[in-house]
Amino acid sequence: MIHMKNITKTYHMGENVVHALRGLDLDIADGEFVAIMGPSGSGKSTLMNILGCLDIPDSGDYLLGGEDVSRLSDDEQARIRNKRIGFVFQQFNLLPRTPALKQVALPLMYAGYDRAERLSRAAAALERVGLADRQHHKPDELSGGQQQRVAIARAIAVNPTIILADEPTGALDTHTGDEIMSIFEELHAQGNTVIVITHEPDVAARAGRVIWIRDGLVMEHHDGHGGRVANPPLAAGEGGIVVRATAEEGGMPSRPTTERAL
């Protein structure tokens, strides 16, 4: 499914050079449930951007389903995102005046579905996350957990091969976060590849594999499925890698939204 080899990414911030990824290697199999963790400045945000085809590496190879996506144009990246990847964000990213059904139908418009098919798929996705009776509610009429369920429905409506979630429980209380993670577990059980970026050990423990990122490289642990997730061991003399990135790389780039009639 996902094969990354020797991925590098560098950012220039004034006179400073930030080496966000330093030759990272990563493989994720079809149907895996993976959690990615790492401290601030580790490179996990940059890794998520590249995994989600929101950015391209400076060098290295990224194969997604056997297709080389490491050097695509913006339009080609958008095609991959629209067809293969469903995104879930910490802050939900819902349109404030748009009911749930149309929120979920929006990416289907960009994927080329006609109106009837968009609404049908959106309704089915909302039913899958337990919101069949909230289709016409706007975000301010929904709880935080319900808003995140809408975001998950939006991510799965296009039937993506990968669900990529960035801190999906970060804005939720513990109980609601547990409910959201149960949805990801159900989606994984149905055959979806699920990748969760998180700083919460309890969330990471729900995954089948935990991947630690430190200093732009992978340090991998195989704890998961309810096991205790601990910090990775440090290399002799310091924190795993001799040379450290000097600053946290930028977060997820914003993407334009629209409230066009669906």
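The values are calculated or read from the model by the stated rules, or taken from the named source; none is laboratory data. Please read all numbers here as calculations on a predicted model, not as lab measurements. Reconstructed Cβ throughout: ideal geometry from the backbone, glycine too, with neighbour counts over all protein chains shown.
A quick yes/no check of all residues on (1) of a type in the set (Val, Ile, Thr); (2) closer than 18 Å to ILE195 by Cβ; (3) in contact (Cβ under 8 Å) with a residue 60 or more places away in the chain:
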| site | (1), (2), (3) |
| --- | --- |
| ASN6 | no, no, no |
| VAL17 | yes, no, yes |
| GLY23 | no, no, yes |
| SER40 | no, no, yes |
| SER59 | no, no, no |
| ASP75 | no, no, no |
| GLY86 | no, yes, yes |
Identify all residues within the stretch 42-57 that are free of Cβ contacts under 8 Å to residues at least 60 places away in the same chain and out of contact with any Ser or Thr (no Cβ under 7 Å at 6 or more places or on another chain); write none if there are none. ILE50, CYS53
Within the stretch 23-34, can one find any residue that is closer than 16 Å to VAL210 by Cβ, β-branched (Val, Ile, Thr) and crowded, with 18+ Cβ neighbours inside 10 Å? yes
Exclusive hit being at negative phi, under 20 Å from the mean Cα position of the chain (by Cα) and not hydrophobic (A, V, I, L, M, F, W, C), set PRO99, PRO107: PRO107
For the stretch 33-61, which residues satisfy the criterion of being more than 13 Å from ILE85 (Cβ to Cβ) and not in a loop (DSSP other than H, G, I, E, B)? PHE33, VAL34, ALA35, ILE36, MET37, LYS44, SER45, THR46, LEU47, SER59, GLY60, ASP61
Select from the stretch 116-161 the residues that are within 18 Å of the chain's Cα centre (by Cα) and among the hydroxyl-bearing types (Ser, Thr, Tyr) and list them in ascending order. THR161
Of all residues in the stretch 95-147, count the ones that are assigned to a loop (DSSP other than H, G, I, E, B) and either crowded, with 21+ Cβ neighbours inside 10 Å or of a type in the set (Asp, Glu) (or both). 3
Working only within the stretch 181-202, note down all residues that are within 22 Å of ASP27 (Cβ to Cβ) and buried (at least 18 other Cβ atoms within 10 Å of the Cβ). PHE184, LEU187, HIS188, ASN192, THR193, VAL194, ILE195, VAL196, ILE197, THR198
Here is a list of conditions, (1) in contact with a helix residue (DSSP H, G or I) (Cβ under 9 Å, 6 or more places away or on another chain); (2) outside any strand (DSSP E or B), and LEU24 meets all of them except one; can you say which number that is? (2)
Some residue of the stretch 8-16 being part of a strand (DSSP E or B), at pLDDT 95 or above and within 21 Å of GLU220 (Cα to Cα): yes
